[in-house]
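To keep things clear, I will list the structure first and then write my remarks on it.
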Amino acid sequence: MPDKTTLELSVERMSYGPDAIAHTPEGKTVFVRGGVPGDVALVSIDSDGSSFSKGHVVDVIDASADRVMPRCPYASLCGGCPWAQMAYPTQAAAKRAGVIDALTRIGHFPAEESERLVAACISPSAPWGYRNKVELAFSTSRREARGGNACPGGAGVVKVSSCMLLDKA
């Protein structure tokens, strides 16, 4: 990988988990927090391993047609809705693709059979306000306890006044 800590990358697809996947010109995989398939983005490399790197979007050069403005004002600060910048139908398609990939790559199913076995995702509720539980994070410093949501990558705790994923009840 070049000595640069920031690269212009084309985001290809979502990974299993919160990140998107891109590749450097040399072919190295980069897991990109905040990326949407189809984006061309400036990505800051946070960690550079021997087989893959991790980074985050610092600027979107050419936005994907599937990129949306997150409804949640905390989307980039807490780890609760890491795909909030992606249109909901694209999220559902990415989740289906993840299951197909697991069946093919890990389960050794033929790709055509995996594709046939996995139906399209059907949402049982609205894309927001559906969760009935929350996992809170806590930190202490200088005799002060702080509760809230965990920041992406374990970088601390962010206090939020409300969570758009939680059912109002």
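FYI, it's all coordinate maths here, none of it is from the lab. Not measured: the values here are computed from a predicted model. Please note: Cβ atoms are built from the backbone with ideal geometry, for glycine as well, and neighbour counts cover all protein chains shown.
Taking 0.36 nm per residue of separation and subtracting the Cα-Cα distance, full extension of the segment from A111 to T140 would add 5.6 nm.
Within the straight-line cut-off of under 21 Å between alpha carbons, the lysines reachable from K168 are K133, K159, sequence neighbours fewer than 8 places apart in one chain being disregarded. Sorting 29-36, 40-47 by average packing, meaning the other beta carbons within 10 Å per residue, from highest down gives 29-36, 40-47. Each peptide among 85-92, 119-126 gets the average number of other Cβ atoms lying within 10 Å of its residues, and from highest to lowest they stand as 85-92, 119-126.
Exposed loop sites, defined as GluC sites (Glu not before Pro) outside DSSP H, G, I, E and B with at most 15 other Cβ atoms within 10 Å, are absent from the longest region of the chain, namely 27-134. Charges were assigned to the Cβ only: +1 to each Lys and Arg, -1 to each Asp and Glu. The resulting dipole of the range 6-62 about its Cα centre is roughly 200 debye. The calculated FRET efficiency for M69 paired with K95, based on their beta-carbon distance and R0 = 22 Å, is about 0.55.
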